[in-house]
Amino acid sequence: MKINESYKEKLKNWYESYKPILKNWLYGIAFYLIPFIIGYLAFSFVLSDNILHTDVDSARYMLSALIQSEAAIVALVVTLSLVAVQLAAQSYSARVIEVFRKAPDLWILMGIYGIAIFYGLGVLKMIENPQVGRLSNLEGQIAFSYYLGVFAFVALVPYMWKMFEMLKPSTVINMLAIKITKQNILSAIGEETIDKKFLPIIDVENDPILPVIDIVRSALMKYDYETVKDGLRAIGESTVYIFENETIKNNEDEKISKYLFDHLTRVGRLAASKKDEESTFEVTINICKIGIIAAKLKLPDSTWHAAESLGLVGMVAAEQKLINAIRWITFSLEKVGIAATEQNLEATWVAEALGWIGEVTAQQKLKNATVDAVKTLEKVGKIAAKQKLEYTTNISIKSLEKIGMTSGEQGLDYVISKASSALVEVGKAAHAQKFEDDVVTQKVVDVLNEFIKISDERKYKWAKKDTEDYLKNYLKKINEEKPI
């Protein structure tokens, strides 16, 4: 019984793997076969035996010329098709050769020409000199051979149309994206034991996302924004489909999320390092979309990997001073953080990532970008506190501390004031939830005192005054709410 179930499972997996290929072949055969049948019926209806009178010598000459022309055309078509495939491989990735190899059109066209040529040769061999007159005894066969030749020539039109369509990057990407399934992803992820720890090992040959990533990287180097957009959206849509329509187990969540976001992070960091804001924006959108879906489905590993990925891309964007990209990454982290906390998931990596970005923007003296990170941390911290997610609340406070201290060292006194305000708001929200201990409250007080100290040392008059006022009001609020 177990053997039968195992066999059925393997058969099902085989069918799912080859289903797109079988579908393409059936569609391709129908695409050429239906017009062939309709054309032959029309041909048979128009031409009757009364008008099929072919001279033997003329038939031999015509069939010979037809066969030679068919052979020359198929050789030319195959040669040009291979050249087109080679150029596509050089432009995008060598992996696209597999796409063209599995596409049915070239093989079907070669089959059509093969049948036409060998059928014509057979008819040519069977033609004999008649006993009376010069008329052939194979009128129907000769006429059908002519029809095959005409159909073979006509078949070049849809074939060339499809070939032009396949040379478009978006078409190749869509065909490659079909292979991005849960089964294929898990099959590509192996494990290796090193010091009793399991490390993921990716099978490059069977990696379903890598061919698309190769095309995206190649397009990035050429500033081909349309191809970058198509590739990233194909990956994003395929991943969202997997999350929404497949059952993801805990161990599968960790494997899939790490595998996926490692790819997207590398692309995002490459785009940011090349100061390509548009491509960085596309990467951010797709990571954010996947992260939000993962949070709503309560997939913790995918959610924190999405936040980590955004943070790593955001750090490179901050180093390159890509203001718009930083703003979008910060906004995306806010969306992922809110989605996670609303599902009672700890959003610690969101707070960590915002801290990374805020520190780098402060080091680069990007005041507005740093303030955006502070404001987002305030929102995430307050929502986490209201949901009683103490760990996320603490990480938000620590990130605000890092940003504030770094800003103080870089002369951004305005940011210190904003960080102090954010700390107080997060502290109030945490105190209102009455956490088990008073660590959060004490931490906020300690950080505010640190801000006052650095403001005093650096002669930040207004920042010191604002922070002292925030601390005073915060302590007053806490003391008022203490039980008598």
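The values are calculated or read from the model by the stated rules, or taken from the named source; none is laboratory data. What you see is a predicted model, and the numbers here were worked out from it, not measured in a lab. So basically every Cβ, Gly included, is an ideal-geometry build from the backbone, and we count neighbours across all protein chains shown.
Specify the residue that is nearest to Ala318 (Cα to Cα); the eligible residues are those in region 330-367 that are modelled with pLDDT under 90 and outside any helix (DSSP H, G or I).
Per the criteria, the residue is Ala347.
Specify which of the listed residues (Ala429, Ala385, Ala463) is within 36 Å of the chain's Cα centre (by Cα) and hydrophobic (A, V, I, L, M, F, W, C).
Being within 36 Å of the chain's Cα centre (by Cα) and hydrophobic (A, V, I, L, M, F, W, C) holds for just one of Ala429, Ala385, Ala463, which is Ala385.
Pairs under 8 Å by beta carbon, first residue surrounded by 13 or more Cβ atoms within 10 Å (Cβ to Cβ) in region 448-468, partner not in a helix (DSSP H, G or I), six or more apart or different chains?
So the pair list comes out as Ile454/Tyr460; Arg458/Gly411.
Within region 70-103, track down each residue that is outside any helix (DSSP H, G or I) and loosely packed, with under 15 Cβ neighbours inside 10 Å. Working first, answer last.
Let us first name the residues in region 70-103 that are outside any helix (DSSP H, G or I), namely 92-95, 103.
Within region 70-103, just Ala94 meets the criteria.
Among the residues that make up region 368-381, is at least one of them of a type in the set (Lys, Arg), under 39 Å from the mean Cα position of the chain (by Cα), surrounded by 17 or more Cβ atoms within 10 Å (Cβ to Cβ) and over 18 Å from Ala317 (Cβ atoms)?
The answer is yes, given that some residue of region 368-381 is of a type in the set (Lys, Arg), under 39 Å from the mean Cα position of the chain (by Cα), surrounded by 17 or more Cβ atoms within 10 Å (Cβ to Cβ) and over 18 Å from Ala317 (Cβ atoms).
Here is a yes/no grid of residues against (1) in contact with a Leu (Cβ under 8 Å, 6 or more places away or on another chain); (2) closer than 26 Å to Leu412 by Cα:
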site	(1), (2)
Trp328	no, yes
Lys335	no, no
Thr341	yes, no
Ala347	yes, no
Val350	yes, yes
Ala362	yes, yes
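Go through region 223-324 and tell me which helices (runs of 4 or more DSSP H), entirely inside it, have 2 or more residues that are over 16 Å from Ala353 (Cβ atoms) and in contact (Cβ under 8 Å) with a residue 60 or more places away in the chain.
Because the criterion is at least 2 residues that are over 16 Å from Ala353 (Cβ atoms) and in contact (Cβ under 8 Å) with a residue 60 or more places away in the chain, the helices (runs of 4 or more DSSP H) in region 223-324 that meet it are 225-245, 250-273.
Conditions: (1) over 27 Å from the mean Cα position of the chain (by Cα); (2) at negative phi. Asn344 meets all but one. Number of the miss?
Every listed condition holds for Asn344 apart from (2).
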